[in-house]
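Have a look at the structure below before the remarks.
Throughout, read-outs are computed from the coordinates displayed, never taken from laboratory work. Bear in mind that the values here come from a model prediction, so they are computed numbers and not experimental data. A quick note on method: Cβ atoms are made from the backbone with ideal geometry, for glycine too, and the neighbour counts reach across all protein chains shown.
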Amino acid sequence: MLKMRHTASLLIPAVVAVTLVATGVRAADEKRRDEAPTGKSIVKKVATNRNASEGFYNASEGYLKRGPRDERTLVLTFDDGPNPESANRLLDILRELDIKATFFVVGRRVSAHPEIVQRMIDEGHEVANHTQDHQRLFNLPTEKVIEEIKDCEENVRKATGRGMAFLRPPGMHFTPQVLADTKAQGYITVGVNCVAGDYVANGGLAELTSAEATELGLQPHQIADRIEKQFKPGAIILLHDNPVSIEAVADIVARARTQGYHFVTTAELMASLPEPVTIVANPVEREEEKGKKK
Ligand SMILES: [Zn+2]
């Protein structure tokens, strides 16, 4: 028996994440029949439901929920980087697999490792906003939400000279107000409907022994198993940039390709929606716009 007292705190986030998403997906499935572009009223009723709005993309909220169901496309997204212990190896793996991903980066990590973020851009990946300090935005006042968004944005601009079009709120916890604040800053909120359940706070995942990781279901093959069960056309897959999860990537990609899926970026997914939306994920011109406001 492993040290449960030690691992219990690590287990909770992964289990909570899986449970939340399972609930959200089920709720979304139940509501799908009344799908309408009027997701706003639904969002107001369930303030922090991650799948609150319906449809693929709700333009009035600036919220991308998933891709079209009639194409076997998947998007790989990696949150919480750049992690110096895994990001460069992850970029090597993605290059080898010929896949472009979307990285939701944390501003303070960007300022610590700007060269990794530049490499993401150089190699054709999308860099997206995951706030400056990875704070849960739903219980912050609007001024603080905006500060969290802008500070991350500033760090990415310093690192790469690029702006960002996409944002994912930490923990996918948000309210209608957070969605509105995010949209007002020029961002599209990107949801998730395929999760690895690989989130462990403070880099704890890399510190687990192999036996502990197995018991918690956090070995790379276990992560790949969970993801594979959630493959569906238009799925947006969430993994975290950490040394364990990245070892599941090649396996996930191989299993997906065997099933006829191919990988696209978030911008490519939006361009393939029933009502296509053209987005430049990391525009150069945004830099000047933002420069004027500062
Ligand atoms: Zn995160």
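Observations on the structure shown:
- Relative contact order, whole percent, for segment 54-116 stands at 31, derived from Cα pairs under 8 Å and 6 or more residues apart.
- Cα-centred dipole magnitude for segment 83-167, charges only on beta-carbon of K, R (+1) and D, E (-1), debye, nearest 20: 80 debye
- Here the Debye sum runs over all C-alpha atoms of segment 57-187 as equal scatterers in vacuum, and log10 of I(q)/I(0) at q = 0.10, 0.12, 0.21 Å⁻¹ comes out as -0.32, -0.45, -1.23.
- Loop-located GluC sites (Glu not before Pro) in segment 66-167 (DSSP state not H, G, I, E or B) with no more than 16 neighbouring Cβ atoms inside 10 Å: GLU71, GLU85, GLU123.
- Entries of LYS100/LYS232; LYS100/LYS183; LYS144/LYS229; LYS65/LYS144 with Cα pairs more than 29 Å apart: LYS144/LYS229
- Charging the Cβ of each Asp and Glu at -1 and of each Lys and Arg at +1, and nothing else, the dipole of segment 57-293 about its Cα centre rounds to 520 debye.
- Radius 15 Å from Cβ of GLU123, net charge of other residues (Lys, Arg +1; Asp, Glu -1): -2
- The phi torsions of segment 213-228, fed into the Karplus equation with coefficients 6.51, -1.76 and 1.60 and a -60° offset, translate into couplings of 4, 4, 4, 8, x, 10, 6, x, 5, 6, 5, 4, 4, 5, 5, 4 Hz, rounded to whole numbers, with Gly and Pro shown as x.
- Share antiparallel - DSSP beta bridges, segment 57-293, percent rounded to 5: 10 percent
- Amide H within-cut-off set for VAL195, under 5 Å, with H built and near neighbours excluded: LEU238
- Put simply, the amide H of ASP79, placed in the peptide plane, has neighbours under 5 Å in PHE104, LEU239, HIS240, ASP241, leaving out anything fewer than 5 places away on its chain.
- The distance between label points at ILE93 and VAL277 comes to 2.9 nm (points 7 Å beyond Cα on the Cα→Cβ vector).
- Net length gained if the chain between LYS158 and ASP70 were fully extended (0.36 nm per residue, minus Cα distance): 27.7 nm
- Backbone amide hydrogens, once placed in the peptide plane, bring VAL127 within less than 5 Å of PHE103, excluding anything fewer than 5 places away on its chain.
- Distance between the 7 Å Cα→Cβ label points at GLU147 and GLU207: 2.8 nm.
- Under the Karplus curve 6.51 cos²θ - 1.76 cosθ + 1.60, θ = phi - 60°, whole-Hz ³J(HN,Hα) for segment 78-84, x wherever Gly or Pro sits: 10, 9, 6, x, x, 9, x
- Approximating the spin labels as points 7 Å out from Cα along Cα→Cβ, the GLU123-to-ARG136 distance works out to 3.3 nm.
- Applying 0.36 nm per residue to the separation of GLU228 and ARG255 and subtracting their alpha-carbon distance, the gain on full extension is 9.0 nm.
- Backbone geometry of segment 254-259 corresponds, through the Karplus equation with coefficients 6.51, -1.76 and 1.60 at θ = phi - 60°, to 3J(HN,Hα) couplings of 4, 5, 5, 5, 4, 8 Hz, x marking Gly and Pro.
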